[in-house]
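Down below is the structure, laid out as structure tokens.
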Amino acid sequence: MWKTIVRRVLVMIPQLFVLSLLIFGLAKLMPGDPFTGMITPQTDPNVIEELREKAGLNDPWYVQYYHWIVNAFHGDFGDSYAFKDSVSSLIGERALNTFWLSLFTVLLVYLIAIPLGIYAGRFQNSLFDKGTVLYSFVTYAIPTFVLGLLILFFFGYKLDWFPTSGSVDVKYDAGTWGYFMSKLYHLILPGFTGAILGTTSVIQYLRSEVIDAKTQDYVKTARSKGVPMKKIYSKHIFRNSLLPIAAFLGFTITGLLGGSIFIETIFGYPGMGQLFIESLGQRDYSVITALVMLFGFLSLLGSLLSDIIMSIVDPRIRIE
Amino acid sequence: MKKRSRLLLTVLAALMLVLAACSGNGDTSKDTGKDSGGKAPEKVDTSKFPLTQENNDEAIKGGTLKVGLQSDGPFKGMFLYELYEDAYDAEILAYTSNSLFPTKEDFLLDDTGLGKLSVDEGAKKATITIQKDVKWSDGKPFTADDVIYPYLIIGNKDYTGVRYDANFQNIVGAKEYHAGKAKDISGIKKVDDHTVEISFHKISPAIYSGGDGLWGYAAPKHQLKDIAIKDLQKSDAVRKNPVTLGAFVINKIVKGESVEMVANKNYWKGQPKIDKVVISTVSSATAAEAMKTGKFDVLAPNYPANDYSAIKDLNNITVLGRPELAYSYIGFKQGKWDSKKGEVVVDENAKLSDPNLRKAIAYGMDVETVAEQYYEGLRSRGNSLIPPVFSAYYDDTLEGYKYDPEKAKKLLDDAGYKDKDNDGYREDKDGKPLTINLAGMAGSDKDNKIVQYYIQNWKEVGLKVELTTGRLIEFNAFYDKVKADDKDIDMYMAAWGTGTDPSPIGLYSKKASFNYARWTTPELEKQLEAIDSKEALDNDYRAEAFRKWQETMYEDAVTVPTYFRTELIPVNKRVKNWSIDYLSKITLEQVELTADEPIKNQ
């Protein structure tokens, strides 16, 4: 298995290289550049031209690519054109925000979805099951921004229970207990919105797996041995029906850094999704390329992780 | 396993569809319901908007002013006048302003501020005298060095901002300093601790509105002097704890999200009456709700005009309004930009080279109805390329191209554009089909409706107008195409902000790359030069020059103004002494609050 993992990691290098070429080329093909948005009668066009020249944007693309890749190998992804800050520190801040939000969301998803899925499957066609199915249809059908705005308006503005924007209250100093609590407080609304939307697939998988498992031979065997029903569900069926979720776990872990554009925008939460969209709009090349490379790397890593996890939880699968 | 993965794919595909559907609707959601009622919105009388909220209630002691920064992304956070680039940072900077000169009528510099300007036009020199005994927020004295230091930042070869421009090079010795040949700018002299003398290559009327290279802000030299110029933009002195001369000082900051400021005890006009200001971002989709529920006292930079109905009936706020320093226009392409020579080349065979055709297009646009119906009166028909705020320069006698389809038809008939094959559209003078390509910027749903309405207007006078690329164009792509004189653009709709010096030379002269209509005549050149000439140092002469230029632009009908704009700023009723009047003498230190929290809508 170790051999395979090393091989997979090595294969990532050419994959990432191709991705970097693609994204670099595509980014340059977009109309405009980071300085297009600067035109005002107060700005001297020659100054903009000079900045463009200084930034090397007038060089042919392969020259620009060469400079970029050489710097990237030294861990330097350049400066953001829009934020005038180094790309790594910019992404670092946002990644941390997004990480906390995603972690909170994922925990909530499992907390809500696992009991619902298992019980709905166990008591198939009961009122509880029907309620759960209805719940997943509704959350499946509702668009993110509708749910996000509804939750924000109701709990944020109408009831005034939760903060409506940002990731932390400005009055606390970093590192204090109040700061931590304020961060958590700001996570609740966006976290819940993401969690409600995220539960659908987990519930449906679990439910159908449990229903499937009920008629499997190993369950019949266990029952004929006289194992109590409670134990059959908590030991035998539960483990087996978690398999499809385990298959996603790798992606879920790496997806913690991807962020959600809608939720972040609605709740004014500065994370990765928002940064990505914004840098696209402003043609902030250095940020765009760094982000896509990061996302690409994360999905490759995620698929590897998923395979490894699967081979651990399901002995029938072997990585060769 | 197989079955499972197929299910997974379906779920994923369905999710993606949902997401894709969202992205199309994301920012239009707030528009819905506005136009669907079928009722025409009431027209607003923009002159009725107050400029100032005085509030006669008794003020509380201190308090925190809450400012909503309406932005869908984080702010950049460069708190130094020499470096900042966008309107959001400017809004925050206004509370910690190092400005030397306030402005009076027509945005001319006034000498009631920290600095007094006197200009020796003959010797091409300006002298700035600053007030004595003024202290920075950290208690250090404010001296002439702090007035000189900004010039050394901007002129430095490592400077990363956009302000080392042709104007700045007008300072004697700026170029040498920028090239690294001199240690200082030779034209800037420190006369004594409170006096600075600056020599220029030429002096024009612009200097009285802060142009010609004159810089209107001070920078705290004692805080910045040890930071290399190229590192300034990342330094804490700029990002976290700038020392200021303004009414407030930044105390805490959450990067990109919010800023907490406290009153500056050393403020030269006396300590502000409120204790704190907290500025935090709010997304445009929820800005109205935030004002309604009293989350903020005031919104900055302004409230979107096309969503006015969401706030107009709230009883906890006052909506202040003032004319914006901007105009929208339609431009007719007349030539190309010669990038080698750096000048405009007019093409006499351009599709819209006949002035009567251009005038007919202008008369055929029902701007009045669009301004009333779609913008609820918050836009009005523009008649000139100088907004009326510049009362001395604005020509109110210009007729403008008021909607008149009959006149448009007559102009077209007389000019030889006739419908010979009876398809409802006119052919050109040679009888060949005429299709005019219009480029416009994509924005909200409303922009689409508006442009379709205009296309309908033009159809009614017999002109076939189509959108370049078949739809409205994304901002960056739009300016890329307009700048490159794309052959598929015959005319385009855009807008310019004028800033506080409305001098049009940078937008309409032969050498101006921003002259996107690519139109120039010897007469226009003369008129443009007259506006910024030496003679124009006499204000009457300058006003007259502005007038002549406006008339010629009106006659040429190459850049036709469409709307003047009104900007709206909602203010909570607990705020006392808040003014958006360009001429107001009410400043931040006088602002007070009359309740502990912003008032909610009942």
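Remarks
- Take the conditions (1) crowded, with 19+ Cβ neighbours inside 10 Å; (2) at pLDDT 80 or above; A:Gln216 misses just one of them, which is (1).
- Single match in B:Gly462, B:Gly506 (criterion: without any contact (Cβ under 8 Å) to a residue 24 or more places away in the chain, buried (at least 21 other Cβ atoms within 10 Å of the Cβ) and of a type outside the set (Phe, Trp, Tyr)): B:Gly506
Table: residues versus (1) farther than 30 Å from B:Val119 by Cβ; (2) surrounded by 22 or more Cβ atoms within 10 Å (Cβ to Cβ).
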residue: B:Ser209; (1), (2): no, no
residue: B:Pro220; (1), (2): no, yes
residue: B:Ala228; (1), (2): yes, no
residue: B:Tyr267; (1), (2): no, no
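- Residue, nearest to B:Ala495 (Cα to Cα), within segment B:396-417, restricted to residues that are part of a loop (DSSP other than H, G, I, E, B), at pLDDT 90 or above and charged (D, E, K, R): B:Lys402
- Taking the numbered list (1) buried (at least 16 other Cβ atoms within 10 Å of the Cβ); (2) in contact (Cβ under 8 Å) with a residue 40 or more places away in the chain in turn, B:Leu467 passes all entries but (2).
- Search result, residues across segment B:226-284 that are of a type in the set (Val, Ile, Thr) and more than 12 Å from B:Ser137 (Cα to Cα): B:Ile227, B:Ile229, B:Val238, B:Ile253, B:Val254, B:Val259, B:Ile274, B:Val277, B:Val278, B:Ile279, B:Thr281, B:Val282
- Residue that is closer than 30 Å to B:Gly68 by Cα, among the charged types (D, E, K, R) and either at pLDDT 90 or above or surrounded by fewer than 17 Cβ atoms within 10 Å (Cβ to Cβ) (or both), where the choices are B:Glu105, B:Glu85: B:Glu105
- Among residues of segment A:180-210, those that are surrounded by 18 or more Cβ atoms within 10 Å (Cβ to Cβ), free of Cβ contacts under 8 Å to residues at least 40 places away in the same chain and more than 12 Å from every other protein chain (Cβ to nearest Cβ), counted: 0
- Verdict on A:Leu127 being closer than 30 Å to A:Tyr185 by Cβ and more than 8 Å from chain B (Cβ to nearest Cβ): no
- Count of segment A:39-54 residues which are within 36 Å of the chain's Cα centre (by Cα) and modelled with pLDDT of 80 or more: 3
- Cβ pairs under 8 Å, 6+ apart, first in segment A:157-179 and at the interface with chain B (Cβ under 8 Å from one of its Cβ atoms) and at positive phi, second assigned to a loop (DSSP other than H, G, I, E, B) and surrounded by 13 or more Cβ atoms within 10 Å (Cβ to Cβ): A:Asp160/B:Thr293; A:Gly166/A:Gly268; A:Gly166/A:Tyr269; A:Gly166/A:Pro270; A:Gly166/B:Glu257
Residue-wise test of (1) at pLDDT 90 or above; (2) part of a helix (DSSP H, G or I).
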position: A:Gly121; (1), (2): no, yes
position: A:Asp129; (1), (2): yes, yes
position: A:Val133; (1), (2): yes, yes
position: A:Val138; (1), (2): yes, yes
position: A:Phe145; (1), (2): no, yes
position: A:Asp169; (1), (2): no, no
position: A:Tyr172; (1), (2): no, no
position: A:Gly178; (1), (2): no, yes
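- Here the helices (runs of 4 or more DSSP H) wholly within segment A:1-108 that include at least 1 residues being hydroxyl-bearing (Ser, Thr, Tyr) and either touching a residue at least 60 places away in the same chain (Cβ under 8 Å) or closer than 20 Å to B:Asn476 by Cβ (or both) are A:2-29.
- As a summary of the residue check, B:Met261 satisfies the conditions (1) in contact (Cβ under 8 Å) with a residue 24 or more places away in the chain; (2) more than 14 Å from chain A (Cβ to nearest Cβ) except for the one numbered (2).
- All conditions in (1) away from chain B (no Cβ under 14 Å); (2) modelled with pLDDT under 85 hold for A:Leu21, with the sole exception of (2).
- Among the residues making up segment B:173-201, those that are within 12 Å of B:Thr127 (Cβ to Cβ) and of a type in the set (Ser, Thr, Tyr) are B:Thr195, B:Ser199.
- As a summary of the residue check, A:Asp76 satisfies the conditions (1) more than 23 Å from the chain's Cα centre (by Cα); (2) at pLDDT below 85; (3) buried (at least 16 other Cβ atoms within 10 Å of the Cβ) except for the one numbered (3).
- Of all residues in segment B:565-602, those being assigned to a loop (DSSP other than H, G, I, E, B), among the hydrophobic types (A, V, I, L, M, F, W, C) and closer than 17 Å to B:Thr103 by Cα number 3.
- Positions within segment B:163-176 being within 16 Å of A:Glu50 (Cβ to Cβ) and either part of a helix (DSSP H, G or I) or not hydrophobic (A, V, I, L, M, F, W, C) (or both), in sequence order: B:Arg163, B:Tyr164, B:Asp165, B:Asn167, B:Phe168, B:Gln169, B:Ala174, B:Lys175
- For B:Glu551, the conditions (1) modelled with pLDDT of 90 or more; (2) surrounded by 17 or more Cβ atoms within 10 Å (Cβ to Cβ); (3) more than 30 Å from B:Lys265 (Cα to Cα) all hold with the exception of (2).
- Single condition B:Gln233 does not satisfy, out of (1) outside any helix (DSSP H, G or I); (2) within 27 Å of A:Asp44 (Cα to Cα); (3) within 14 Å of chain A (Cβ to nearest Cβ): (1)
- The condition (being touching a Phe, Trp or Tyr at 6+ places or on another chain (Cβ under 9 Å) and more than 9 Å from chain B (Cβ to nearest Cβ)) is satisfied by just one residue among A:Ala72, A:Ala55: A:Ala55.
- Among the helices (runs of 4 or more DSSP H) confined to segment A:211-281, the ones with at least 3 residues that are in contact with a helix residue (DSSP H, G or I) (Cβ under 6 Å, 6 or more places away or on another chain) and more than 10 Å from chain B (Cβ to nearest Cβ) are located at A:243-255, A:272-281.
- Verdict on A:Ile151 being buried (at least 17 other Cβ atoms within 10 Å of the Cβ), touching a residue at least 12 places away in the same chain (Cβ under 8 Å) and within 14 Å of chain B (Cβ to nearest Cβ): yes
The values are calculated or read from the model by the stated rules, or taken from the named source; none is laboratory data. Every value quoted in this text rests on a predicted model; they were computed, and no experiment measured them. Please note: Cβ atoms are built from the backbone with ideal geometry, for glycine as well, and neighbour counts cover all protein chains shown.
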